[in-house]
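A short write-up of the structure that comes next.
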Amino acid sequence: MIFLFVGGLGLFLFGIKYMGDGLQRSAGDKLRDILDRFTTNPFMGVLAGIVVTVLLQTSTGTTVLTIGLVNAGFMTLRQAIGVIMGANIGTTVTAFIIGIDISAYALPILAVGTFLLFFFKNKKVVYFGQTVFGFGAIFYGLELMSDGLRPLRGMQAFQDLTVTMSDIPLLGVAIGTIFTVSVQSSTAAIGVLQSLHAEGAIELQAALPVLFGDNIGTTITAVLAAMGASVAAKRAAASHVIFNLLGTTVFLILLIPFTMAVEWFRDVLVLEPRMTIAFAHGIFNVSNTVIQFPFIALLALIVTKLVPGDDSVVDSKPKHLDPIFLEQSPSMAISQAKAETLRMGEVAIKGLEQTREYLNSNQPKNAEIALSLEDAINNLDKKITNYLVQVSSQDITQADSNVHSTVVDVVRDMERIGDHFENIVELNEYKIANKVHLTDQAMEDLNEMFDLTVETVTQAIKAFEDGDVELAKKAMEKENKIDEMERVYRKKHIQRLNEGKCSGTAGIIFVDIISNLERVGDHALNIAQEVNHEE
């Protein structure tokens, strides 16, 4: 019984993960774009949360994506709460899929998935095959679990437990929460509950509190993911917990009428036991969202009070790119694009500073902020470039054309600076993961080069803002020092390597970091040269 249940559960979990991965790969970056573009208000956030969760097959995955977007400034906390509510609805779809009794066809579905995976080279077909294989694995895992759970209905101890859960609903909530935390998947926990109910091992009145507990348990994963993360991440996780706790409290109070409503649906629609649990899950999450949706602003206020502090979020959305200027005043539009580019420069400087901080502190929070800032740079790059392309189609003077060309080039350099500090963050992550030690001298050299690089970029951007040729020349002089510093530090590194003071891996990381800093200096030089009108 134990082997069948554990094996079936393992196969079921693998099926969910594999099917979700296949759907995600088919969608590519579209999931992130859906959350970015279609969350203009909380209602749209709910819809986007449903769609993305159905494609990911995990509400936790949607929550993690949402936290990333909040960190990067693409989404407000209110919009994020809407997405989290939608994710709770989206996760019920899997329960409805499980409710369709096609276990008899699980093995043929697995065979079709395997055929698509092994006999086709086209990536889209392979991803579809992965989705089909995962789908079959879910139902075969369910069948094995059901076989394993079947003897439970004859066990007196289990019968007594279900009677107790009917009398004490809080016990059922606790069991559901603990089991979901154990398997790290509310979908799997509900799948087990559906199997138990289908085998007659647990009555509906005892199953519903367990269902509520499953919804609370799924929030723990988000809480664990937010530990040690930014304030924005903690607030998103807290809103997820409060949303499900409030929903469970309301439905426990209304447990008797809720049970009667589910029984009415079961009788009228002639639902199978598995589908009955799916309907209960769907009604719970949809009703919970409808009840709490009008109070999103209040929920956002509560979590802001519960999790105080500066969330370190950068506003990634453009502030100056007003479309009205494109036709009314192309000259003003170019000025607006320059103003937005200067904002982009501020973000780049902050990103470099956070990267330097991460290099010294090794704190994940610094890496998270740096990568969020790099994300913001990429977004601003796209928006400014698109805006400038639209400006170029207008009739502009030669002087405006020169400024237009300069801004296009500076935007490209800013974007590349973001790429280089992202590389340094990844190098430091590798250093930490592989326990690579850099010598005190190496760290001193890196900090000195970092300080000079940040100063150079800051001066170059300031020169671009003011059109200050003298300041541009000073930035260019500093860039020459960066080049010289890189050559000297390479030689010092070889000397340390020869003396056995550092490992080969540490040396590679050190050289790659100074190389990236030198490239940042080159892009600062490009910006300064634009001001100085030199090639």
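Just one of 486, 470 is surrounded by fewer than 16 Cβ atoms within 10 Å (Cβ to Cβ), in a helix (DSSP H, G or I) and at pLDDT 90 or above; which is it?
470
For residue 480, indicate whether it is among the polar types (S, T, N, Q) and open to solvent by 70 Å² or more (accessible area, probe 1.4 Å).
Against the criterion (among the polar types (S, T, N, Q) and open to solvent by 70 Å² or more (accessible area, probe 1.4 Å)), residue 480 qualifies.
Exactly one condition in (1) charged (D, E, K, R); (2) open to solvent by 30 Å² or more (accessible area, probe 1.4 Å); (3) touching a helix residue (DSSP H, G or I) at 6+ places or on another chain (Cβ under 9 Å) is not met by residue 435; state its number.
The single condition residue 435 does not satisfy is (3).
Residues 449, 443: which one is in a helix (DSSP H, G or I), open to solvent by less than 60 Å² (accessible area, probe 1.4 Å) and either at pLDDT 95 or above or in contact with a helix residue (DSSP H, G or I) (Cβ under 7 Å, 6 or more places away or on another chain) (or both)?
449
Taking only segment 1-44 into account, find how many residues are under 18 Å from residue 88 (Cα atoms), in contact with a Ser or Thr (Cβ under 7 Å, 6 or more places away or on another chain) and either modelled with pLDDT of 75 or more or surrounded by fewer than 18 Cβ atoms within 10 Å (Cβ to Cβ) (or both).
Of the residues in that region, 1 qualify.
Where in segment 75-132 are there helices (runs of 4 or more DSSP H), lying fully within it, with 2 or more residues that are loosely packed, with under 15 Cβ neighbours inside 10 Å?
Helices (runs of 4 or more DSSP H) meeting the threshold: 106-119.
Within segment 379-391, track down each residue that is in contact (Cβ under 8 Å) with a residue 40 or more places away in the chain and open to solvent by 40 Å² or more (accessible area, probe 1.4 Å).
383, 390
Working only within segment 196-226, note down all residues that are touching a helix residue (DSSP H, G or I) at 6+ places or on another chain (Cβ under 8 Å), closer than 19 Å to residue 181 by Cβ and either at pLDDT below 80 or open to solvent by 30 Å² or more (accessible area, probe 1.4 Å) (or both).
Passing the criteria: 218, 220, 221, 222, 223, 225, 226.
Is one or more of the residues making up segment 49-58 modelled with pLDDT under 75, surrounded by 22 or more Cβ atoms within 10 Å (Cβ to Cβ), touching a helix residue (DSSP H, G or I) at 6+ places or on another chain (Cβ under 8 Å) and assigned to a helix (DSSP H, G or I)?
Within segment 49-58 (the criterion being modelled with pLDDT under 75, surrounded by 22 or more Cβ atoms within 10 Å (Cβ to Cβ), touching a helix residue (DSSP H, G or I) at 6+ places or on another chain (Cβ under 8 Å) and assigned to a helix (DSSP H, G or I)), the answer is yes, since at least one residue qualifies.
The values are calculated or read from the model by the stated rules, or taken from the named source; none is laboratory data. Please read these numbers as outputs of a predicted model, since none were measured by experiment. For neighbour counting, all protein chains shown are included, and Cβ atoms are generated from backbone atoms with ideal geometry for every residue, glycine included. The protein model used for the area step is the full one, side chains on, heavy atoms only, and it has no ligands, DNA or RNA in it. Shrake-Rupley method; radii C 1.70, N 1.55, O 1.52, S 1.80 Å.
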